[in-house]
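Please read the structure below before turning to the comments.
The values are calculated or read from the model by the stated rules, or taken from the named source; none is laboratory data. Being a predicted model, the structure only gives us computed values, none of them experimental. Using ideal geometry, Cβ is built from the backbone for each residue, glycine included, and neighbour counts are taken over all protein chains shown.
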Amino acid sequence: MAGKTSAKSAKVAKKTAAKPVLLSGGNPQIAKGYGDAPVQAYIAAMPGWKRDIGRLLDALIVRTVPGVHKAVKWNSPFYGVEDQGGWFLSFHCLTKFVKVTFFRGTLLRPLPPGESKVKEVRYFDIHENGFDEAQLAAWIRQASRLPGERM
């Protein structure tokens, strides 16, 4: 009987490692980590059309901010610039869209449309029909030049 339990545990562990748990809204549960690998694991685990949005977002951020630093914290990818002292952007899966968070969003022009209860934070929601890449790149560029948020 012990052999069956061990084999079953190994099978469950392998299945868990292969496919992360999706939290509410379809947000992947990914362990905290720094660098590109945990961010790519998060993107790979994003459900359906959101995975394509995640790939596009990551590529746009990397292209717009060469040398960007990456991490996964609180089940969300974070992006920052080393000499700015913190993070400028994060994104998160919700049921009907991917929410991009600009930590100093009130300083961006034009102002991203989504308001927050947090003083400087602004949001941009990306739905299945896509987004204005040029506008998002402009916000990313601006945000990357501002002091980062320490978290």
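General observations
- Filter pass, Pro112 being in a loop (DSSP other than H, G, I, E, B), modelled with pLDDT under 95, surrounded by 13 or more Cβ atoms within 10 Å (Cβ to Cβ) and not small (Gly, Ala, Ser): no
- Summed over the stretch 28-73, the residues that are touching a residue at least 40 places away in the same chain (Cβ under 8 Å) and part of a loop (DSSP other than H, G, I, E, B) give a count of 8.
- A Cβ distance below 7 Å, combined with a sequence gap of six or more or placement on separate chains, defines the contacts here; from the stretch 122-151, residues that are in contact (Cβ under 8 Å) with a residue 60 or more places away in the chain reach residues that are surrounded by fewer than 17 Cβ atoms within 10 Å (Cβ to Cβ) and among the basic types (Lys, Arg) in the pairs Met151/Lys73.
- For the stretch 100-139, the tally of residues that are over 23 Å from Gly25 (Cβ atoms) and touching a helix residue (DSSP H, G or I) at 6+ places or on another chain (Cβ under 6 Å) stands at 3.
- Qualifying residue in the stretch 126-143 (condition: surrounded by 13 or more Cβ atoms within 10 Å (Cβ to Cβ), modelled with pLDDT of 95 or more and not in a helix (DSSP H, G or I)): yes
- Flag if Ser90 is closer than 23 Å to Pro28 by Cβ, in contact (Cβ under 8 Å) with a residue 40 or more places away in the chain and surrounded by 15 or more Cβ atoms within 10 Å (Cβ to Cβ): no
- Filtering the stretch 22-47 to residues that are of a type in the set (Gly, Ala, Ser) and at pLDDT 95 or above leaves Gly33, Gly35, Ala37, Ala41, Ala44, Ala45.
- Filtering the stretch 74-109 to residues that are basic (Lys, Arg) and in a loop (DSSP other than H, G, I, E, B) leaves Lys96, Arg104, Arg109.
- Which numbered condition Lys99 misses (of (1) at pLDDT 95 or above; (2) of a type in the set (Lys, Arg); (3) surrounded by fewer than 15 Cβ atoms within 10 Å (Cβ to Cβ)): (3)
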